[in-house]
Amino acid sequence: MNQQNFVPVLPDNAPFTPEQRAYLNGFLAGLFSRAPQPNLAVPASESKPLTPLTILFGSQTGNAENLSKRIAKEAGKRGFAPTVQDLGKYATAQLASERALLVVTSTFGDGEPPDNAKTVWEFLSSDAAPKLAQTKFSVLALGDTNYAKFCAFGKSVDERLEQLGAARVHPRTDCDVEYEVAFAKWMNGALSALAPAAAPKPAASPVVEAAPPKTTSTYSKSHPFPAPLLANVRLNGEGSAKDTRHFAFSLEGSGLGYEAGDALGVRATNCAELVEEFIRALGRSGEEPVPDRDGKETPLREALIHHYEITRIPSPLLKAVAERSGDAVLLKLTAPGANGELTKFLWGREIIDLLHGHPAAKFAPTEFVALLKKLQPRLYSISSSPKAHPGEVHLCVGVVRYDSLGRSRKGVCSTFLAERVPTGGAVPVFVHHNKNFRPPANPNAPMIMVGPGTGIAPFRAFLEERRASGAKGKNWLFFGDQRGATDFLFRGEVEAMQRDGILSRLDLAFSRDQAEKVYVQHRMTEHAKELFAWLEEGGGFYVCGDASRMAKDVDAALHQVIQTAGVKSAEEATAYVAALKKDKRYQRDVY
């Protein structure tokens, strides 16, 4: 082992106070990060006091947590005693005593905090928050520029810390989905700004590239495994308005492992027909050399198929078309303060519409691709347990097809899987671990699952996992979709689990089987007494599916259940839900 590259950090659940963890992390950092002698003894002349550093993360899927741990390892090499803390477990009383603080957080939904950051944010944004004149800080915000409120929560945290008197020692960095370079630059700058004047400076390059966590496989997001497609089965019945598919892939020989609750990343290619339409609209042959996502030269056609997003309209392209065409509407939409009008304009409109609508806006191939976003992998909740399907991984995917502005539209990855990959064909995949979404650790604890539509995916995995492991806890599934006759996904399997006793309760909500629409949240409130009883028995509450409406409605229903069945006030119900989240008994995988 190369001891200079290995800096151990105590986990959050170690049986120590935050202060004790900081001290012990600093001690370990001193041993492992300063080129120790073979006997690990550090000469007294080299001993220097370590600077306490608190790193807080707000994470929905685990990215912020992983980056925080990488920061801690680098900080240990620079004379800090780092402590990494989950915002969901952070004692707000400690905030007033922080001296050096780094916050790494994602943004969830419509500019909201991730689940584990909500309680701390409520405190931080309230009048009870302390003055932080003694605190030096910097914020790393994670987000996706495809969303209107890009990195909104990270921006809010940054602004609020400044309002409370904390000193921003390094500017906030807002990261898009490809964050490695921006993250490394921010980490180097923030740690340098927080370091005492006498602290050693890194001798290497200005940007510190921290290696991602090691895995047992050579395959990863940057090097996906070509998984053979074993099955592509339509789950909806004849006459359904939906097309939901069950996909199975082989992982044999990949070394990739996953757990129930993880996601599978898929690297899709764009529709070749749409790419040809692009090339014609640009007035090109498709053979022109342009840089790919890694900066290597490739023909324009190949770049558009494999390397760039060619559906959603990126802001730089819209602005460039507006300037080159002189279109008054586009110029107004790209001006500051046009958020509402811009969102309305972009809905149902794609890049090809922009090119056809403004043929006077000409671009050289190289400058055109420079205005596009890189094609990102799509993440899907895994619908299988590795114990039930060794060597395989399964997905449940809704195929996206719709019409807008007189054109038929296709979801990039869903139609790639459904239409463009033959059985036996290779699909580039990687595993995205999500330790924040797991079945109850206690096999005897009840489990309540709310997963309408494709939200059933991880709960199929959870139920398979509990059956394979012999867990004795009760299991309750709330499932819903449009029509029972055509949209009861995995019906045969679900009913078999009922007969076998694995699924203790099943409540269904098919919205269009009656005049008045019924959804899963209605079924929850109908059975409030039983649901609350399961929670009181230590049950875990899980939600998967649409974030924009369903997850909010289910959350509101949960509060209502606790108020009515638990005979609690609105404030008491809110505190009850907060306790569920803190104890990891309320987990969500929503998108």
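Where a number appears in this text, it was derived from the coordinates with a stated rule and is not lab data. The structure presented is a predicted model; accordingly, all values stated were derived computationally and were not measured. Note that we place each Cβ from the backbone using ideal geometry, even for glycine, and neighbour counts take in every protein chain shown.
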Subtracting the Cα-Cα distance of L331 and L506 from 0.36 nm times their residue separation yields 57.7 nm
Rounded to the nearest Å, the spacing of the alpha-carbon centers of the stretch 532-555 and the stretch 394-411 is 28
Subtracting the Cα-Cα distance of S408 and E536 from 0.36 nm times their residue separation yields 41.1 nm
Distance check, please: which entries in K69/K185; K136/K374; K155/K362; K136/K552; K77/K118 exceed 24 angstrom between their Cα atoms? K136/K374; K155/K362; K136/K552; K77/K118
Report the calculated FRET efficiency for D110 and A167 (r = Cβ-Cβ distance, R0 = 41 Å), to the nearest 0.05. 0.85
Treat every Asp and Glu Cβ in the chain as -1 and every Lys and Arg Cβ as +1, leave all other atoms uncharged, and give the resulting dipole magnitude about the Cα centre to the nearest 20 debye. 840
Along the dipole axis of the chain (charges at Cβ: +1 for Lys and Arg, -1 for Asp and Glu; origin at the Cα centre), the most positive-end residue among A272, I456, A141 is A141
Given the options T525, V84, A551, identify the residue whose Cα lies farthest towards the positive end of the charge dipole of the chain (+1 on Cβ of Lys, Arg; -1 on Cβ of Asp, Glu). V84
With a Förster radius of 56 Å, plug the Cβ-Cβ distance of S285 and A441 into 1/(1 + (r/R0)^6) and report the FRET value to the nearest 0.05. 0.45
Count neighbours as other Cβ atoms within 10 Å of each site's Cβ, and list the chymotrypsin sites (Phe, Trp or Tyr not before Pro) in the stretch 52-147 that are DSSP loop with at most 12 such neighbours. none
Run a plain Debye calculation on the chain (Cα atoms as equal point scatterers, no solvent) and give log10 I(q)/I(0) at q = 0.05, 0.06 Å⁻¹, rounded to two decimals, same order as the q list. -0.24, -0.35
The set of residues whose placed amide H lies less than 5 Å from the amide H of T298, leaving out same-chain residues fewer than 5 positions away, is V290, D292
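Quote to one decimal, in nm, the extra length available between T311 and R234 on full extension: 0.36 nm per residue of separation minus the C-alpha distance between them.
25.2 nm
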Please rank S384, S469, S156, fewest neighbouring Cβ atoms within 10 Å first, as an exposure proxy. S469, S156, S384
Kindly state, to the nearest 0.05, the FRET efficiency for K472 paired with H356, given R0 = 56 Å and r defined as their beta-carbon distance. 0.40
What shape does the stretch 459-585 take by its C-alpha gyration tensor, where a ≥ b ≥ c are the square roots of the eigenvalues and a/c under 1.5 counts as rounded, a/b above b/c as prolate, and the rest as oblate? oblate
Using label points projected 7 Å from each Cα along Cα→Cβ, tell me how many nm separate T574 and T343, to one decimal. 2.4
Does the stretch 241-336 classify as rounded, prolate or oblate by the C-alpha gyration tensor (a ≥ b ≥ c root eigenvalues; a/c under 1.5 gives rounded; else a/b over b/c gives prolate, otherwise oblate)? prolate
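Given +1 on the Cβ of Lys and Arg, -1 on the Cβ of Asp and Glu, and no further charges, what dipole in debye does the stretch 125-185 carry about its Cα centre, rounded to the nearest 20? Walk me through the intermediate numbers first.
Values: 8 positive and 9 negative charges, 64 e Å.
My answer is approximately 300 debye.
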